[in-house]
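Notes follow the structure.
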Amino acid sequence: MTVSVSASRVALAGGIALSSVVLLSGTAFAHVSVQPQGEAAKGGYATVNIKVPNERDNASTVKLEVNFPLDHPLASVMPQPVPGWKAEVTKSKLSKPLELHGKKINEAVSKVTWTADGSKIGPGQFQQFPLSLGQLPEDTDELVLKAIQTYDNKEIVRWIEEAKEGADEPQNPAPVLKLSAASGDHHGAAATDAPTTAPSASASGDAKSGHDDKAGHHEEKTAAAASSSDTTARILGVIGILVGIAGVAFGVLAGRRRSA
């Protein structure tokens, strides 16, 4: 009886602990976030996903608004069609024109809004909204994309709080897109204008590889020859022993015949 009660208490405590972990992890990770697909380099272009989880058990998400900073403007923000959702891109005038590919641009995308059109994000579900962004700014390490999530019960959650260094994560943090260092050509490709007079790394590697291969073949041949010689010597030795034994046996038999 005592063992049964103790086991029940342990099971209950374990269940409570597991439930707490699940609840805490859900709270910690159930935020609207932005996730780059590949590299998001300064001065380049990137594809990102706005990930929207549903945090409510009794309501569904039917609208999402993502705002883009005009102090680091993006001339191009293109949403990929998502079945069951309607996307609307809003642009705003810039106080300072933006130069892109030699052209001056007087406006930039300030907001993208997705509205449910036959679909919704239900309890226990999430939805991703892909975007193509460019040209990414070169004078900042990150872009803060403040988001507003609306549920079908009219509840609105504002993901607009910016994290501060050394402080705890805010309750409703804004999605942040981290930018990596600029690539050589702003398109993620490596520079190809290296001097042609010096041997390339691949050529040196190939030469070294060829040398190593030759050395390896030579060592293999030497080892094979040594192994063959050793085998031959062993065979000859065995034959010699057998011949000696046969000779002794023949001598013994010959002596017995003489005696007879």
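One residue alone among L94, L136, L131 is within 29 Å of the chain's Cα centre (by Cα), hydrophobic (A, V, I, L, M, F, W, C) and outside any loop (DSSP other than H, G, I, E, B), and that residue is L131. Listed by first and then second residue, the pairs with beta-carbon distance under 6 Å, at least 6 apart or on different chains, first residue in region 88-110 and within 19 Å of N67 (Cα to Cα), second open to solvent by 40 Å² or more (accessible area, probe 1.4 Å) and hydroxyl-bearing (S, T, Y), are S110/T90. Determine whether A167 is of a type in the set (G, A, S), at pLDDT 95 or above and farther than 22 Å from S60 by Cβ. Against the criterion (of a type in the set (G, A, S), at pLDDT 95 or above and farther than 22 Å from S60 by Cβ), A167 does not qualify. The combined condition, being over 26 Å from I156 (Cα atoms) and modelled with pLDDT of 95 or more, is fulfilled by A46. Note on region 142-154: among residues that are open to solvent by 60 Å² or more (accessible area, probe 1.4 Å) and in contact (Cβ under 8 Å) with a residue 40 or more places away in the chain, the one that is nearest to H72 (Cα to Cα) is K146.
Considering only residues that are open to solvent by less than 70 Å² (accessible area, probe 1.4 Å) and part of a strand (DSSP E or B), look in region 155-174 and name the one that is farthest from T113 (Cα to Cα). The extreme case among them is P173. Scanning region 45-62 for residues that are buried (at least 18 other Cβ atoms within 10 Å of the Cβ) and within 22 Å of T90 (Cα to Cα) yields A46, V48, I50, V52, T61, V62.
The set of residues from region 97-122 being open to solvent by 50 Å² or more (accessible area, probe 1.4 Å) and either outside any strand (DSSP E or B) or among the acidic types (D, E) (or both) comprises E99, H101, G102, E107, D117, G118, K120.
The values are calculated or read from the model by the stated rules, or taken from the named source; none is laboratory data. Keep in mind the model is a prediction, meaning the values are calculated, not measured. Positions of Cβ are generated from backbone atoms using ideal geometry, with glycine treated the same way; all protein chains shown enter the neighbour counts. The accessibility values were calculated without ligands, DNA or RNA, using every heavy atom of the protein model including side chains. Shrake-Rupley method; radii C 1.70, N 1.55, O 1.52, S 1.80 Å.
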